[in-house]
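Trainee: Dropping a structure here in structure tokens format, bear with me for questions.
The values are calculated or read from the model by the stated rules, or taken from the named source; none is laboratory data. Bear in mind that the values here come from a model prediction, so they are computed numbers and not experimental data. Every residue, glycine among them, receives a Cβ derived from its backbone with ideal geometry; neighbour counts consider all protein chains shown.
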């Protein structure tokens, strides 16, 4: 048996409770890890509350969590990692547990802390995927809404590293951090389109909306083309002719599929960059596994300024 957090009904954070669950067994392409860190993502909260019941139906009791990092405890056939290896990746069956399964594990560089490694998986793949979908190119200008969040923080850095001019809407408390990462920070809220025009008189070429703050109509007007705007947070995207980006298939470096039609997974390179200090993902706070409900409550109240991580 394994210690885990489960929930048996939709509801508030208090539905998350410690439990004993069967020890998972790895199948082909999978490893079982002793979890050292499990990332808490906004999607976890939506699944727990039932807000995503239509798109993410669950079977109760459920172990929540998408991402984890840890040390391989058992390996299935063609798993790509061996017992004793430190790895990170997306979990099968949940990450809020002492032991979890990873599908397609990625090697964790020795210099990368476990809590950062776990935090990088979903948000890193998302930022890379959306930049690929937009087809961003050096010498152009990207506007990032919600640049203070984890996807926004990574998108700013990846775009700046590719030679784009980056303008980012954020709260004033995030200005210093966003600016240090290579963007021109612009205060969000009423009047933001004019502030963006003032900051980018050369015209905005692409927009990534990671905020879901009702910015799509004005973003389309800024670019002049709804195909140049992608959101990961606004469910009204179709009303504006804008693409809603979701899923786990990562984009290649240039937004193209790799050999055989499969896109290159950006996670190994993101992990190397983070280990080298050329990519930053702040971890706001860590919690013991049994305090998962408190972690959800803090994230739901928007108290965090960076990633939230559980430590089994």
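Trainee: For segment 66-91, how many residues meet the condition of being surrounded by 17 or more Cβ atoms within 10 Å (Cβ to Cβ) and under 20 Å from residue 265 (Cα atoms)?
Mentor: Number of matching residues: 15.
Trainee: Same structure, new question: Just to check your reading of the model, which residue among 23, 88, 112 is over 20 Å from residue 123 (Cβ atoms) and at pLDDT 95 or above?
Mentor: Result of the check over 23, 88, 112: 23.
Trainee: Looking only at segment 42-79, count how many residues are closer than 27 Å to residue 28 by Cα, part of a loop (DSSP other than H, G, I, E, B) and in contact (Cβ under 8 Å) with a residue 40 or more places away in the chain.
Mentor: Counting residues in segment 42-79 that are closer than 27 Å to residue 28 by Cα, part of a loop (DSSP other than H, G, I, E, B) and in contact (Cβ under 8 Å) with a residue 40 or more places away in the chain gives 10.
Trainee: If you go through segment 121-139, how many residues are touching a strand residue (DSSP E or B) at 6+ places or on another chain (Cβ under 7 Å) and either free of Cβ contacts under 8 Å to residues at least 40 places away in the same chain or surrounded by 24 or more Cβ atoms within 10 Å (Cβ to Cβ) (or both)?
Mentor: Filtering segment 121-139 down to residues touching a strand residue (DSSP E or B) at 6+ places or on another chain (Cβ under 7 Å) leaves 121-122, 130, 133-134, 136.
Subset that is either free of Cβ contacts under 8 Å to residues at least 40 places away in the same chain or surrounded by 24 or more Cβ atoms within 10 Å (Cβ to Cβ) (or both): 121, 130, 134, 136.
Result for segment 121-139: 4.
Trainee: Out of everything in segment 176-191 that is in a helix (DSSP H, G or I) and in contact (Cβ under 8 Å) with a residue 12 or more places away in the chain, what residue ends up being surrounded by the most Cβ atoms within 10 Å (Cβ to Cβ)?
Mentor: 178
Trainee: Can you tell me how many residues in segment 192-221 are surrounded by fewer than 22 Cβ atoms within 10 Å (Cβ to Cβ) and assigned to a helix (DSSP H, G or I)?
Mentor: 11
Trainee: Could you identify the single residue in 54, 70, 80, 27 that is farther than 30 Å from residue 274 by Cα and in the same structural domain as residue 284 (by TED's automatic domain parsing)?
Mentor: 54
Trainee: What number goes with the only condition from (1) in contact (Cβ under 8 Å) with a residue 40 or more places away in the chain; (2) in contact with a strand residue (DSSP E or B) (Cβ under 9 Å, 6 or more places away or on another chain); (3) assigned to a helix (DSSP H, G or I) that residue 159 does not pass?
Mentor: Unmet for residue 159, out of (1) in contact (Cβ under 8 Å) with a residue 40 or more places away in the chain; (2) in contact with a strand residue (DSSP E or B) (Cβ under 9 Å, 6 or more places away or on another chain); (3) assigned to a helix (DSSP H, G or I): (1).
Trainee: Also, I was wondering about something else. Of the numbered conditions (1) surrounded by fewer than 20 Cβ atoms within 10 Å (Cβ to Cβ); (2) under 18 Å from the mean Cα position of the chain (by Cα); (3) at pLDDT 95 or above, residue 104 fails exactly one; give the number of that condition.
Mentor: (3)
Trainee: Condition first: part of a loop (DSSP other than H, G, I, E, B), buried (at least 22 other Cβ atoms within 10 Å of the Cβ), on the phi > 0 side of the Ramachandran plot and within 19 Å of the chain's Cα centre (by Cα). Can you find one or more residues in segment 141-153 that meet it?
Mentor: yes
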